Amino acid sequence: MRIESPLCLYTGVVPPEWIDYNGHMNVAYYVLAFDQATDAFMDHLGMGPDYRNRENCSAFVVETHVNYQRELVAGDPMRITTQLLGFDSKRLHYFHRLYHATRGFLSATTELMVIHVDLVERHSASMPLAVLDRLGAVMAQHIQLPRPPQSGRVIGVRAKPAVAAITAITPALARGRG
């Protein structure tokens, strides 16, 4: 079976209520759109609401990093792709890209780490073999894709430029006389 590389499981249109006072899609709604793409990905893997009800297990996001590239406005069509970066018996590591669906530009990305959870124990649990097999099939296609340049990034301010900026702004503090 041929699996789309990357997967495209979510499309939509930016509703007017997602627009903030800057006239573009608010950061919270980018996360919501990515969350809807995650729901579609979980459904694709067989881990949607029916799975949750039947197995009393689900997937919880434990870490996410969002990068904003270019704004979207009300009425813009969206297309989100999903690339599986890795998995083990309890975790999934994947990457979403949000595109303007007709103009094709990249608007935002998010990298996620998800853990499979037993909802009774509220603790991590191994995924069933059927889900792991499906993940293996997706990974076999996605391993051929280039790794997204935004994945694995660390956020922070480098110490040296920060010290230089403080010195330029407040020389007395830099000399310890503050």
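As a footprinting exposure proxy, order 107, 58 by other Cβ within 10 Å, with the fewest listed first.
58, 107
Any idea what angle helix 27-45 forms with the longest principal axis of the chain, computed on alpha-carbon atoms, 0 to 90 degrees, nearest 10?
20
Computed FRET efficiency, Cβ-Cβ of residue 70 and residue 145, R0 22 Å: what is it to the nearest 0.05?
Result of the calculation: an efficiency of 0.55.
Which angle between 0 and 90 degrees, to the nearest 10, do you get for helix 159-169 versus the longest principal axis of the chain when only C-alpha atoms count?
The angle comes out at about 40 degrees.
Roughly how tilted is helix 129-142, in degrees to the nearest 10 and between 0 and 90, from the longest Cα axis of the chain?
Tilt of helix 129-142: around 60 degrees.
Once label points are set 7 Å from the Cα along Cα→Cβ at both residue 153 and residue 32, what is their separation, rounded to one decimal in nm?
2.4
Using C-alpha positions alone, give me the convex hull volume of the stretch 1-155 per residue in cubic angstrom.
That works out to 130 Å³ per residue.
Readers should treat all values here as calculations from the given coordinates under stated rules, not as data from a laboratory. As the structure is a computational prediction, the values presented were derived from the model and not from experiment. Neighbour counts are summed over all protein chains in view; Cβ atoms, including those assigned to glycine, are modelled from backbone coordinates with ideal geometry.
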